[in-house]
Amino acid sequence: MERNNRKNKLSQNKRKNARVININQFKKKNETKSTGTISKRLRTTLIGFFFILFLLILRLGWLQIVKGASLKESMYDQLTTSRVISPKRGTIYDSTGKALARSAQVDTVSINPTKIVVKNSDEEVAKIKTKALKEKVAKALSDIFELDYDEILTKVSSESKVAQTIAKKQEKNKIDELKAWMKENNVYSGINIDEDTKRYYPYNNLASNLIGFCGTDNQGLEGLEAKWDSVLTGTPGKIVSSQDAVQDLIPDENQTYIAAQNGNDITLTIDANIQGIAEKYLKQACEENKCEDGGNVIIMNPTTGDVLAMATYPDYNLNTPFTPTNISTKEWNKLSSSEQSNQLQTIWNNRAITSTYEPGSVFKIVTAAAGLEENVVTTDKAGTFDCIGYQKVADAKIYCADKSGHGKQSLRDALKNSCNPAFMQLGKKLGATTLYKYYNAFGFFGTTNFASIGERSGYFWDLKNVGEVELATMSFGQRFRITPLQMITAVASVANDGVLMQPRIVKSITNTDTGAVATVEPTKVRQVVSKETSEKMISMLESVVEDGTGKYAQVKGYSIAGKTGTSEIDTTKNKNYVASFAAIAPTESPEVVVLVTLYKPRGTNRSGSRVAAPVVAQILKEVLPYLEIPSDVTDDGSKSETFELPNVVNKTVAEAKKQLEKAGFTCKVSGNSDEIVTEQMPRAGTALLSKSTVLLYTEGKDTRVSQTVPNLKGMTKTEAQSALKKKNLNIKINGSGYVTSQEIAAGTSVEEGTVISVTFQKKIAE
């Protein structure tokens, strides 16, 4: 038993030792395992740390390199505040240098509400005094600028740190009043007076529908102001002020002034004097003829396409564009806001380019030119057309203005009589396809590329839809629509040897910083008809004015070509018309084209002949002398044409006199009718104007007379001719305008009949 006990004890000791060993082994094993885990975790932590550090470095680099500029800008914005300085808008000049639209220096008043404070150690006292000060400032601002006190007080009492605009574009007298009040009351902080500009129109209504106007922000809203806004508008400047972290302004000495860059000037082809003439007679015509929808006048130089005047009636005052001049205040206030808006849009509308109309018989110029160019008609062939008072087309009768008919006519006669049946017959000869070819060439299917907003193109039937009736009516200018500018541009091409010019309104652009001038050159579009056709057309249109429907457009001393137009615009009631007249002057060398268009005249007469033609005469009577265009028609109505003097030596006085007078010359004879001419003065072959004086001498009586050459400088053509004719001296004309020099000096003694060569220029030489 003892043995067994020892054995059991030994066994227990072995097991205990075994456990000890196992525990130690376990400890060693776990110690090894723990050490490895800690090392791994450390590595992971370190890697994570360095990765985060790497990301932070990358972020920092990205912020500094990539976003640095924007962050700096953002920080700068947080530490600064700025007020805009408006640039001075470019001036619009007429062709003579008159300012039609200009910007003047004014000021804009704003406040920083949080800077209008009274500081005091007692917060309650400071609060009360600040409130009183704000009320005082609000009262002063509202009184000076005539503004609502409550609205101003709300702005002054605001907690906003952003500047609040009080009064824009104020004149010097108001600003001086404010400055005086600020000085008197020792109030400077929080009230800002900043440079600004204001648009002025010195001539008020002149060319209003053409020029247009600007909004309060100096942005062009209508007309040329809108079209050329990017050229006229400059770059704004600003005043930058520093502020602290809580956005309180730092004193003014920390301000930065960045000057505004002014806009460019533009010079128009418009002449303010010619524009004024056009507007004067347009208004007069519209009032006298009770034109329900007003009217237009366009004056153009055909060789350059320069628009010398573009008038619309009714017009408006550019300085007060939102106050209509054609309606009483009482009637205006009765209109709804939408009705007022529509009314204003109508008044602002430049109908010369934005509205279309049926041109009527003025358009016969186009049909006639196409007929001549296509050789389907000649100018003076008798019996080319037959008018019985109407033309039967399809199942309809389309009547002539003279329902009794004109009988057999040439093309010249048809134009003089403005005969609708004749032009329906010509249109049929040409056909719709050919007519449309010329309509396109004359520019009716697109715009003229006039440099203003809102220009429209013409409206015509689709060619495939042109039937007999459509062909007939469009041949004499009805049942389609074009703009007045399209019409006068086409007429100008006929006056310009058949060359179509793009209408030009802007002549040049001037950089106000550098003074550099960029000229907008005249633009030739295309040759529409030949020079020969052009000359034939002018000759026939001159007949229209001489003894046709255009006789009321005659101007003493000048040759005028033109065409009347009277179109029906109400086919049901047959009461509404458009009366128009297109004129070319002078005919020998056209320098001016005029189109007068009157809408819905309600007077006794409504035709273009009786309503529009006299307006053209009134305009040309003033414009031609103003442009220093010499007269080309003598007092008896004959044209001043140049002829070669025939040789009448060795003929009897009677024979010589008969031949010379038939050629258009005036004779002064020394001798009897049966005596032989031994000498003539000037000599045979000399080029002389019609009505020049020729001296005839005979063997029996050769009495020479000397005359003293007068001083002709500064005279017009008519005046120079008259001065020389009184002394039986003749003139050779070089140029046009006023006399700048003469070949034989004033005071020189010369024989009667001597030809004095005289040079004319548009401006008198100094």
For this session: Would you check if P484 is touching a residue at least 40 places away in the same chain (Cβ under 8 Å), buried (at least 18 other Cβ atoms within 10 Å of the Cβ), assigned by TED's automatic domain parsing to the domain that holds V592 and within 20 Å of L224 (Cα to Cα)?
Result: yes
Problem set entry | Qualifying position, being modelled with pLDDT of 90 or more, at negative phi and among the basic types (K, R), among K575, K600, K621 | K621
For this session: Residue by residue through the stretch 338-366, note down the ones that are surrounded by fewer than 24 Cβ atoms within 10 Å (Cβ to Cβ) and either of a type in the set (V, I, T) or touching a Gly at 6+ places or on another chain (Cβ under 6 Å) (or both).
Result: T346, I347, T354, T356
Exercise. Considering only the stretch 635-666, how many residues are outside any loop (DSSP other than H, G, I, E, B), closer than 29 Å to D547 by Cβ and either at pLDDT 90 or above or of a type outside the set (F, W, Y) (or both)?
Worked result: 9
For this session: Kindly indicate whether any position in the stretch 446-458 is closer than 26 Å to V544 by Cα, among the β-branched types (V, I, T) and out of contact with any strand residue (DSSP E or B) (no Cβ under 8 Å at 6 or more places or on another chain).
Result: no
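So that you can scan it fast, the table gives a plain yes or no per residue for (1) of a type outside the set (K, R); (2) part of a helix (DSSP H, G or I); (3) touching an Asp or Glu at 6+ places or on another chain (Cβ under 9 Å):
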{"residue": "V109", "(1), (2), (3)": "yes, no, yes"}
{"residue": "T114", "(1), (2), (3)": "yes, yes, yes"}
{"residue": "S121", "(1), (2), (3)": "yes, no, no"}
{"residue": "K127", "(1), (2), (3)": "no, yes, no"}
{"residue": "E135", "(1), (2), (3)": "yes, yes, no"}
{"residue": "K168", "(1), (2), (3)": "no, no, yes"}
{"residue": "I175", "(1), (2), (3)": "yes, yes, yes"}
{"residue": "M182", "(1), (2), (3)": "yes, yes, no"}
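One line per residue, one yes/no per condition, for (1) more than 23 Å from P302 (Cβ to Cβ); (2) surrounded by fewer than 18 Cβ atoms within 10 Å (Cβ to Cβ); (3) not hydrophobic (A, V, I, L, M, F, W, C):
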| residue | (1), (2), (3) |
| --- | --- |
| N417 | yes, no, yes |
| G427 | yes, no, yes |
| A432 | yes, no, no |
| N440 | no, yes, yes |
| F444 | no, no, no |
| N449 | no, yes, yes |
| S452 | no, no, yes |
| E455 | no, no, yes |
| D462 | yes, yes, yes |
Exercise. Of all the strands (runs of 3 or more DSSP E) wholly in the stretch 195-290, which have at least 3 residues that are modelled with pLDDT of 90 or more?
Worked result: 265-268
Seminar exercise, completed: When restricted to A138, A101, the only residue surrounded by 17 or more Cβ atoms within 10 Å (Cβ to Cβ), out of contact with any strand residue (DSSP E or B) (no Cβ under 8 Å at 6 or more places or on another chain) and within 24 Å of K174 (Cβ to Cβ) is A138
Exercise. Within the stretch 464-481, which residues are surrounded by fewer than 16 Cβ atoms within 10 Å (Cβ to Cβ) and either among the hydrophobic types (A, V, I, L, M, F, W, C) or not assigned by TED's automatic domain parsing to the domain that holds M424 (or both)?
Worked result: V469
For this session: Pick out the one residue from N301, N317, N273 that is farther than 23 Å from Y200 by Cβ, among the polar types (S, T, N, Q), in contact with a helix residue (DSSP H, G or I) (Cβ under 9 Å, 6 or more places away or on another chain) and not assigned by TED's automatic domain parsing to the domain that holds G215.
Result: N301
Exercise. Taking the stated definitions as given, is Q170 out of contact with any Cys (no Cβ under 7 Å at 6 or more places or on another chain), surrounded by 17 or more Cβ atoms within 10 Å (Cβ to Cβ) and modelled with pLDDT under 90?
Worked result: yes
Seminar exercise, completed: Quick count over the stretch 471-523, residues being over 24 Å from I538 (Cα atoms) and part of a loop (DSSP other than H, G, I, E, B), is 11
For this session: Scan the stretch 504-522 and report the pairs whose first residue is of a type in the set (D, E) and whose second residue is at pLDDT below 95, with Cβ atoms within less than 8 Å and a gap of 6+ or a chain change.
Result: D513/Q261; D513/N262
Problem set entry | Criterion (without any contact (Cβ under 8 Å) to a residue 60 or more places away in the chain and of a type outside the set (D, E)) met by exactly one of K364, K416, K397 | K397
For this session: Return the total of residues in the stretch 384-426 being more than 18 Å from V366 (Cβ to Cβ) and among the basic types (K, R).
Result: 4
Exercise. Which numbered condition trips up G562, out of (1) more than 25 Å from the chain's Cα centre (by Cα); (2) at pLDDT below 95?
Worked result: (2)
Exercise. Just one of K280, K330 is surrounded by 13 or more Cβ atoms within 10 Å (Cβ to Cβ), among the basic types (K, R), more than 16 Å from the chain's Cα centre (by Cα) and not assigned by TED's automatic domain parsing to the domain that holds V594; which is it?
Worked result: K280
Exercise. Quick check: is even one residue across the stretch 717-736 in contact with a Leu (Cβ under 7 Å, 6 or more places away or on another chain), surrounded by 18 or more Cβ atoms within 10 Å (Cβ to Cβ), more than 23 Å from E628 (Cβ to Cβ) and among the β-branched types (V, I, T)?
Worked result: no
Exercise. Could you give every pair whose Cβ atoms fall below 7 Å, whose first residue belongs to the stretch 108-126 and is in contact (Cβ under 8 Å) with a residue 60 or more places away in the chain, and whose second residue is of a type in the set (K, R) and part of a helix (DSSP H, G or I), counting only separations of at least 6 or pairs across chains?
Worked result: I111/K155; P113/K155; I116/K134
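The values are calculated or read from the model by the stated rules, or taken from the named source; none is laboratory data. Everything quoted here is computed from the prediction, not taken from an experiment. Ideal geometry is used to build each Cβ from the backbone, glycine not excepted, and the neighbour counts take in all protein chains shown.
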